[in-house]
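To start, the structure under review is shown below, and the notes come after it.
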């Protein structure tokens, strides 16, 4: 039996806000992320954003995404977690 290819979603966190991310808008950011990511997806996060937003996204996606990668323009990809059974 052949497995289906996983959905790959790239989230540029800088597109979720204009000028500055605001803590008061965190629930809205989270809702947008939940809508964009299907269970079992491979997610790549990138873009300018405050540390608290990156931490919240990682926490939110744990248990939803199969794999989370941070893509840095300087150092390349960094695996945050990988829950694939392969």
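Read the figures in this text as sums done on the coordinates, not as results from a lab. Because the structure is predicted, anything quoted here is derived from the model rather than measured. In this analysis, Cβ positions are derived from the backbone assuming ideal geometry, glycine residues included, and neighbour counts consider all displayed protein chains.
Taking the listed residues 55, 61, 78, 23, the one that is surrounded by 13 or more Cβ atoms within 10 Å (Cβ to Cβ) and on the phi < 0 side of the Ramachandran plot is 61, with no other qualifying.
Of all residues in the stretch 33-52, exactly one satisfies the criterion of being surrounded by 15 or more Cβ atoms within 10 Å (Cβ to Cβ) and part of a helix (DSSP H, G or I), namely 33.
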